[in-house]
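The block underneath contains the structure these notes are about, expressed in structure tokens.
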Amino acid sequence: MRRYGWLLLWVGSAVWSGSVLAQSADPADVPHGAAAGESQHEIAWIEGPDEVDVGVDLATLALPEGFAFAGPADARFILSQMGNQTHGGEMGLVVPTDESQQWFIVFEWNGVGYVKDEEKDTLDPDAIFKSLKAADEEGNVWRRENGFPTMTLTHWFEAPHYDPETNHLVWATHYDVEDGSKTVNYNVRMLARRGLMSVTLVEEPHLLEPAMPGARRIFEGLTFKTGSRYAEWKPGDKVATYGLTALVAAGAGAAAVKLGFFGVLMKFLGKAWKVVAVAVLGLAGAIGKFFRGLTGRRAEIPTGHDEEPPSA
């Protein structure tokens, strides 16, 4: 089983569930084997070039050569080990196989219904930023409770903008992390008939530009299947109760970071491939009230109805 360079430093291919972090830096001091309750988690990587289903009858990803895809359960496992809260809507995770690149992209399905794009010409970056800052603490409550560094939103790395041809809403936010690192979340919200795919690239600010050519290949490789495309909305389909402005604000507190466990795991790994003595986090942590109430984030496609027609 191949493991991809930098990602190995955090998640490897196995954990001992239920263990606590050891105080010694010597892996030999950590119990292992079936007698110690070992529970292996093998990451089922799919390597490109390949076509990957993202969700059930929802979308496909043309995965290029040089990239690897992990499905929903593996994506949640990897994210949790890096110090990220998961919500159940994760559809997959992509990493480059080139060990010199250390970014990743997360796909999450939000079945909130058809999001009207009436606000495409009236997005107010300053007002949206104030809303994001006001909700900054939501995600940090969970991070503190679970022993991870907090994240502070500092500025737009790229202000929100909408492309009516692709029905993509794009923005990027810059965060200072409590451990002294910095991270950027480059967000693409791909609108669909019954909801939207949240696609998030996570990278350090100074490395974002060289990461973008590969990341764009991933963004452009995602295609909604027939019946799920934005233009295929029909009367009777569910319509979301909010628009593009609230869609940006809905991500408040849900920022992702890639450095959560780096310092701790480096004590144990050396050249070994196992993540030792890491307590497996619960995957169903509470979501901030703002995010939970606004999006009702979940993996399934909703079946509710709303007679209100989409915008022209």
>> For a quick check: with amide H placed at 1.01 Å from N, whose amide H comes under 5 Å from GLY66's, ignoring anything fewer than 5 positions away on the same chain?
In response: GLY48
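Give LYS133/LYS238; LYS120/LYS234; LYS130/LYS238; LYS120/LYS182 a once-over and call out the pairs whose C-alpha atoms are over 23 Å from each other. Each step should come with its number before you reach the end.
Working: LYS133/LYS238 30 Å; LYS120/LYS234 21 Å; LYS130/LYS238 29 Å; LYS120/LYS182 30 Å.
The pairs that break the limit, which is 23 Å between Cα atoms, are LYS133/LYS238; LYS130/LYS238; LYS120/LYS182.
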>> For segment 119-193, which GluC sites (Glu not before Pro) pass both filters: DSSP loop (anything but H, G, I, E, B) and at most 10 other C-beta atoms within 10 Å?
In response: GLU165
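None of the figures in this text is laboratory data; all of them are computed from the coordinates on show. Keep in mind the model is a prediction, meaning the values are calculated, not measured. Please note: Cβ atoms are built from the backbone with ideal geometry, for glycine as well, and neighbour counts cover all protein chains shown.
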